[in-house]
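Presented below is the structure to which this report refers.
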Amino acid sequence: MAEQDQQGPGPEAGGPGGPGGPGGEGDGIGAAASQAYGEALEGGATPQEAFDAAAGAAQEMATEMGVPQADFEQGLEAATQAFGEAMEGGAGPGDAFGSAMEAANEATDPGTDMGPPPEGHNPPSGDMADVSGDMAGVQGDMTDVSGDVSGVTGDMSNVAGDVTGCEGDMTGIQGDVSGVTGDVSGATGDMTGCEGDMSGCSGDCTHVTGDMGPVTGDMTGCEGDMTGCQGDVSGCEGDMGPVTGDVTGCEGDMTGCQGDMTGCEGDMGPMTGDVSGCEGDMTGCTGDMTGCQGDMGPVMGDCTHVEGDMTGCSGDMTGCQGDMGPYAGDMTGVEGQPPAEMMGPPPEGDQGMGAMDGAFGDPGADPGMAPPPDDPMGAALDDAAAVSDADGAGGGQGPGPDPMADMPVPGMDPGMEKPEEDDQGGGALG
């Protein structure tokens, strides 16, 4: 290549391909082409578009260096053919570009050396027989990856399984993602056992399994099967396995909790047991919540021995026990079963107790009070008691007057005369 030698010093003197000249490390046609190729892939270009960008950068650098166009085109033709054959054979973008560089080097002198891919690019590698789709932006060993990778980017060295349906940066993710779909950009850790659309999920999913479709938020610190959970789990931690329902607003360690958390919020850390039926802010409650239900918002303290609907109760439940359903008010300081005065009002429209009160008199009346003055029964009883006392004082043994003698006959007019006794009937008997 005499013409090229006349353009400048050779490789040994710092010319094209020399240590200090164009073509050396970080410089020259090869470096320009490699840099353009890597930047294009990272920007979302297809491998072919990236190769075209590399060829354009190489042409610009060759012109600047004065490389004869015929020599450059000879190397570019060999590189283009090698690149196409490698891609058709299933090679990754990095391997295909490497093949193109080798072909260009063999077809030209060192002045048109297109060099290796840029350091740190880490192009895809491994057996990609089951991989399809656009691999622009994908890096790492894809030996255990299958499916369409068009929507994902990043280093997939530790990822396994079918990535069809996944999108986003998979750097930091490991394990089998076969059941996962959606944007996984914010997730990290081992996603083996996770399934469903994880768009909106973030954080370390290493200890979580199950359907994450209805769940959003940071999974860091959560563990267990989250199938049945929904809502934002940010702030939750511990075993979510037995928990179902919307956990939005809940926080703290859910280990030991179970049941439907829909309507609950606040720190669930100190609680255990089945919280199905509970609602409101449970911050401050502790102990086993099994059997409790209703609004726990105003309640705090140890609810281990408490059950029933807590709606209407407030204060510290520590020391209370039994069914709280009928009670209302501040339970602070109550020990055992709350007193009767804390029972809530009867259900609206219940007239049963009122009817009973009318039938049996005023339940609040003092049983020791004397009957009213116009009460004939009371007057007769008083007269009988007086006669009895008088006879006892005089020593008499005769019977006292009939206490019912002056009693009016029910239904008779008090003004009517008393009928005379039938003397004949009496004489006949005598």
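Miscellaneous remarks
- Qualifying strands (runs of 3 or more DSSP E) (wholly inside the range 185-235; at least 2 residues being among the charged types (D, E, K, R)): 194-197, 222-225
- Taking the conditions (1) under 16 Å from G28 (Cα atoms); (2) open to solvent by 20 Å² or more (accessible area, probe 1.4 Å) in turn, Q74 satisfies each one other than (1).
- Meets criteria (in a loop (DSSP other than H, G, I, E, B), buried (at least 18 other Cβ atoms within 10 Å of the Cβ), touching a residue at least 40 places away in the same chain (Cβ under 8 Å) and not β-branched (V, I, T)) for M128: no
- Of all residues in the range 270-283 being open to solvent by 30 Å² or more (accessible area, probe 1.4 Å) and not in a strand (DSSP E or B), the one that is nearest to C303 (Cα to Cα): P270
- Residues being surrounded by 20 or more Cβ atoms within 10 Å (Cβ to Cβ) and in a loop (DSSP other than H, G, I, E, B) - total across the range 165-177: 2
- For the range 290-301, the candidate set comprises residues that are crowded, with 17+ Cβ neighbours inside 10 Å and touching a Ser or Thr at 6+ places or on another chain (Cβ under 7 Å); within that set, the residue that is nearest to G329 (Cα to Cα) is V299.
- Of all residues in the range 187-212 being small (G, A, S) and buried (at least 19 other Cβ atoms within 10 Å of the Cβ), the one that is nearest to D253 (Cα to Cα): G210
- Test set (1) part of a loop (DSSP other than H, G, I, E, B); (2) modelled with pLDDT under 90; (3) of a type in the set (S, T, Y) - T286 fails condition number: (1)
- Unmet requirement for T262, which otherwise passes all of (1) in a loop (DSSP other than H, G, I, E, B); (2) of a type in the set (S, T, Y); (3) more than 18 Å from D232 (Cα to Cα): (3)
The values are calculated or read from the model by the stated rules, or taken from the named source; none is laboratory data. Remember, predicted model here, so these are calculated numbers, not experimental data. Virtual Cβ from ideal backbone geometry, glycine too; neighbours counted across all protein chains shown. For the accessible areas, the whole protein counts, side chains as well, though only heavy atoms, and no ligand, DNA or RNA atoms are used. Shrake-Rupley method; radii C 1.70, N 1.55, O 1.52, S 1.80 Å.
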